Every structure is written in C-alpha cells, then in structure tokens.
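Visitor: Next up is a structure, given as structure tokens.
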Amino acid sequence: MEDEFDGPVCSRHFGISRFVGFNYVDLIWKWDLRSFFGMALRPREPKFELLTVDLSENLGRTPRPIITEYDPKKRTARTELGDLVLVKYKCHSNNVPTSMTNGSTLPLVSSTALTDQEAGGYNPFEHRRLEHPTTDAETLIHLLKGSLGTGILAMPLAFKNSGLFFGLIATCVIGLICTYCIHILVKCSHILCRRMKVPSLGFADVAEVAFMAGPKSVRQFSTLARAIINSFLVIDLLGCCCVYISFVAKNAKMVGDVVFEHNIDLRFYMLSLLPLLIVVNLIRNLKYLAPFSMVANILMAVGMVITFFYVFRDGLPAVGDRPSFSSFETLPIFFGTAIFALEGVGVVMPLENNMKTPTHFIGCPGVLNTGMFFVVSLYASVGFFGYLKYGDATMDSVTLNLPKELLAQSVNIMIAIAIFLTYALQFYVPMEIIWKALKHRFTSRPLLVESSIRVLLVCGTMAVAIAVPNIGPFISLVGAVCLSTLGLMFPSFIELVVLWESGLGRFNWILWKNLFIISFGVLGFVTGTITSLHEMSASK
C-alpha cells in the first residue's frame, strides 16, 4: 500500500499486567510515527493492534476478555472492564486524577491470587479518604431515621389484614429477611472491594462490578444492572420526598385550620415549606445531617410514646377478641404494607461508605443489627397493640384513632416535623447518584452547580406534590416495585454472581437460599402492587 509507513513503530503501554477479574492482560498499542506526531500528508486513522497475553490457563480460571474502543479524534483508548474497574472506581475512590490514568502512571494491581486478595492482602477500609466520616452513633441515628417513616403509622391496619399473631410473626420474619439481604449486599461490597482493590463501592457500583467480573453469561448485563438500580433508587426516593411534602402539609393543615379558624388551601402549606426544604437540603455531608436525624428520632419516639399512652390508657381487650389469622384474600395488603414500611436499603451503602469504622456496621451486634432490631420491634409493637386496641375500627393511620385532645393531636405535629427532617436524608441518595453522573461536565464552579441542582430538584418534588396532592398511592406502587426489587431480589442475584466461581456451598445451599429470597421478593412485588392498586382504587 502506498500510504504504508516502513519506519519504526512507537509503542506505549496502557496499564501493564493488570489484574482484572481472574485474568492477566497486557495491552500494547502501536501507532506509526507519522500518525502519532501528526505528520501525515493527509488525515488518516491511526493504526493499532491489541495484543493480549492470557494466563487464565495457568490460573485455572475462565478468561476475562476486554472490549477495547479507540477514539481517533482524542487519541484515547478505553477498555470496558479494565477502565471501569481499575480507573473509574480505583482512581476516583483514591482521589487519583483521571488524566493520570491514560498512561503508565495508572496504579497497578499486584498479581496475587484471588484467595490471597480476599483473605486480607488489601484492606479497603484503610484506604478510604473521607472528609467528614460519621461515627457509629451517627450512623445508627441515620439508619433509624431512614427506616422509620410514615409506614409505621399504617402497621395496625396491616395487622388488621393479617390477623394478630400471624401479623406479629410475619413482621418479624420480613424484618429478618430484609436485614439479612442488607448483610448480603454489604458483604458482597467488601468482597469486591478487596478483589478489585478499591476503598468503597455504592449499591449500583457493587452490582455493575459483580456482573462484569462474574460468569461470562452475565457480563453483558452489568450496565443494565447499574441503570436499573440507579433508576429505581432515584425514582423511589424522590417519590418518597414528594409524599413527605404532602404528608407534612396535610398534618400542618389539620392544626392550622383549627388555629386560624379558616380552611386554607393545602397547596399554601406546601409552598410555605419550600424555603426551609431548600436550606436543609443544601447540606452536603451526612455528618452535618446527623443532628436533624437525631431531632427527628426524638420527635418520632415522643410521638410513639404518646400513642402508646392512649392505646394502653383504658386497658386492652383480650387477645382472644382479635382473630389470629385474617384471611388469604387480605394477606397481599399486609405483605405490601409491611415490606414497604420495613425496607430501607436505599440509604444503607451511603451510610456504610461514610463510616469512620465500617467494620462495625455488620459486626455483632453491629450498627445494622442494632438499628434493625429496634426498627422491627417498634413496627411489630405498633401493629400488634394498635390492632389489639382498635380492632375493626383501625384506620389507615393509627393517629386518626386517637381522641381529639390537644396532647393526642400534638402527635400529628411531632411526626410531621420528624418526616420533614427525614426529607434531607431521603434526598441525599438520589442527589448523590445524579451529581456523580453530571459532575464531570462541570469542572468550573462545581459547588455552585451542585447547589443549583439541589434547589431545582427540591423545587421539582414540590411541584409534583402540588400538582398531585394525593400522590401517595401512586408512589406506593412505585415503591412496591422498586423496594422489593432493590431490597430482596438484587442482593440475592449479586451474591450468586460474586460467589458463582468460588462455590455456592455444600449441596449448593447458597443457591437454594437465594432462590427462596428471590421468590419472596417476587411475592413482595406482586402483593405490593396489589396493595397499591387497591389504595388507588379506594382513593378515587
């Protein structure tokens, strides 16, 4: 060919002997010198050659191919698996500028065996760089506030649809399964952090890396897994923020109409919340949100104490006066309400990633076990005694059964303020997801841009709440779909993918266990959808 160049070839290494998954890969790019130095007489595509050295046979592992793309305009190469795992996660998490990763300055991964890495050769907790790490107490406060929402007020109604003792047992079982799934997710995150030598991974990161480094048949779904998780988290948590605005405004209206002796439009109360919401949600660090969560927890606790006071004040009926089991027809309503109320997986990974001592999160007793024990106990107690007290007269919210006294009605205000303060914690996760996806586009004045996005999102949730004041049933439908998928199905899928090649235990018990949890998640998906559709039809 007349345009071929016979001179020497310039070679450059992009990451030598990288350990990716279970395979060593040596990438060698070759350009001719005229193309490299821009001395060609006419534009032409630079030529390159990808040479791979596959040592998987020596390791006894399945080869992990790398798909490579080349941009002739920017003269940059991108490797899907290597770039994603070793550049995006490693360099971002270790504060290494991405521009340094285009050459041989990319931090190399040592060629130790997989078992050596996971046995303790790399401790991800020692490499976390946090400006404002949270203590165990602060993390516990956030966990309690993220798990205690408006769902607790509906637990007596859930017990009405299940029966007294069946509801008690089923609530504890659902709480145990939800807690175990969070354990699965966090443990898989730690395994992948050691395997890939990165300090921390978010929920979507865990799914994406697990699928990319997993069996060959699931690698193609890594991007889809990340997209599903991020989409569900953003939709569900921003939807919860809309519901919180509506809930707080309705409770404020109940008191305002009595104080002002005038029926003021609900949307006025919503708009009055906007300035306060904007100020609170400009706080960017979880550590500084801890006092708000503490106040919210105190208000929620006081509100529950007052509620229990009225429940026990005149004595309780005999347990035999309430059916132990309701009916199979109403069980879907119970399961949907309970799973929606107990599932708080959306805030788990950000909390664990921001801890000063992350080993305390899933230890024994650990922050997670302690927090979920109190959450499940409180939910079960409110449901059990609330239904035992009011029976068939149990209303959608237990506070509606309280007498029209000042002390009893103050519960509505306390819980409304607690839910208002919870907005910032629910808002933190979707904002983190959105900002991580956008911040590379705004290199100048990133703080101003991030603050502007926060204000716009808060205004957006306010606009949705004003446009659809009775958005609760619809968001419950979205929550039932999202939470059963995120909290039950995905952690089980992730564990299967992470442990597939290392073994699933004797008689494949890990496989059967996760299939059971996935089936339970499908049950929650179906029953939650039925519950939400029932609420939507009843509210018309």
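Visitor: What part of the accessible area of segment 146-191, given as a whole %, is carbon or sulfur when the probe is 1.4 angstrom? If you can, show how the numbers build up before the last one.
Guide: Details: 970 of 1200 Å².
So the carbon and sulfur contribution to the accessible surface is 81 percent.
Visitor: Averaging sequence separations of C-alpha pairs under 8 Å and six or more residues apart, then dividing by the length of segment 440-540, give the relative contact order as a whole percent. Intermediate values should be presented prior to the final figure.
Guide: Values: 49 pairs, mean separation 37.3, N = 101.
Once normalised by length, the contact order is 37 percent.
Visitor: Now, a different point. What percentage of the solvent-accessible surface of segment 210-366, computed with a 1.4 Å probe over protein heavy atoms, is contributed by carbon and sulfur atoms?
Guide: Details: 5050 of 7200 Å².
Of the solvent-accessible surface of segment 210-366, carbon and sulfur hold 70 percent.
Visitor: To continue, here is another question. Can you tell me which of 181-187, 277-283 comes out highest on packing, and rank the rest after it, using the mean Cβ neighbours within 10 Å? Walk me through the intermediate numbers first.
Guide: Numbers: 181-187: 22.0, 277-283: 16.3.
Final packing ranking: 181-187, 277-283.
Visitor: Hey, another quick one. Averaged per residue, what accessible area in Å² does segment 455-540 show with a 1.4 Å probe, protein chains only?
Guide: I get 46 Å² per residue for this part.
Visitor: Follow-up. Over the heavy atoms of Thr223, what accessible area does a 1.4 Å probe trace out, to the nearest 10 Å²?
Guide: About 90 Å², ignoring ligands and nucleic acids.
Visitor: A further question follows. Please state the relative contact order of segment 305-449 as a whole percent: Cα pairs under 8 Å, 6+ residues apart? All intermediate terms of the calculation are to be shown ahead of the outcome.
Guide: Details: 52 pairs, mean separation 46.5, N = 145.
Relative contact order here is 32 percent.
Visitor: A follow-up question, please. May I ask for the distance between the Cα centers of segment 267-334 and segment 163-182, given as a whole number of Å?
Guide: For segment 267-334 versus segment 163-182, the Cα centre distance is 19 Å.
Visitor: Quick one: which of 300-306, 435-441 comes out on top by average Cβ neighbours within 10 Å, and what's the full order, highest first?
Guide: So the peptides 300-306, 435-441, ranked by packing, come out 300-306, 435-441.
Visitor: For an R0 of 25 angstrom, estimate the FRET efficiency from the Cβ-Cβ distance between Thr359 and Leu276 and round to the nearest 0.05. Before the final figure, lay out each step's value.
Guide: Numbers: r = 37 Å, r/R0 = 1.48.
The pair Thr359/Leu276 has a calculated efficiency of 0.10.
Visitor: Turning to a different aspect of this structure: Need the C-alpha centroid separation for segment 497-523 versus segment 184-235, integer Å.
Guide: For segment 497-523 versus segment 184-235, the Cα centre distance is 17 Å.
Visitor: For segment 239-348, what are Rg and Dmax over the alpha carbons, in angstrom?
Guide: Both quantities, over Cα of segment 239-348: 19.0, 52 Å.
Visitor: For the pairs Lys287/Lys436; Lys160/Lys389; Lys216/Lys513; Lys145/Lys197; Lys187/Lys356, flag any whose C-alpha to C-alpha distance is greater than 21 Å. Can you show the working numbers first?
Guide: On the way: Lys287/Lys436 19 Å; Lys160/Lys389 11 Å; Lys216/Lys513 23 Å; Lys145/Lys197 32 Å; Lys187/Lys356 17 Å.
Lys216/Lys513; Lys145/Lys197, as the Cα separations exceed 21 Å there.
Visitor: Follow-up question, since we're still on this one. Place the peptides 123-136, 324-337 in order of packing, highest mean first, counting for every residue the other Cβ atoms within 10 Å and averaging per peptide. Each step should come with its number before you reach the end.
Guide: Numbers: 123-136: 15.1, 324-337: 18.2.
So the order, starting with the most tightly packed, is 324-337, 123-136.
Visitor: Determine the equivalent ellipsoid of segment 427-520 by diagonalising the alpha-carbon gyration tensor, then write out the semi-axes as square roots of 5 times the eigenvalues, largest first, rounded to whole Å. Numbers along the way, then the final one.
Guide: On the way: eigenvalues 286, 101, 7 Å².
They are 38, 23, 6 Å, listed from largest to smallest.
Visitor: Accessible area per residue of segment 288-361 at 1.4 Å probe, in Å²?
Guide: Normalised by residue count, the accessible surface of segment 288-361 is 42 Å².
The values are calculated or read from the model by the stated rules, or taken from the named source; none is laboratory data. Worth saying up front: this structure is predicted, and the values here are computed from it rather than measured. Glycine gets a Cβ as well: all are built from the backbone with ideal geometry, and neighbour counts include every protein chain shown. Side chains included, ligands, DNA and RNA excluded: accessible areas come from the protein's heavy atoms. Shrake-Rupley method; radii C 1.70, N 1.55, O 1.52, S 1.80 Å.
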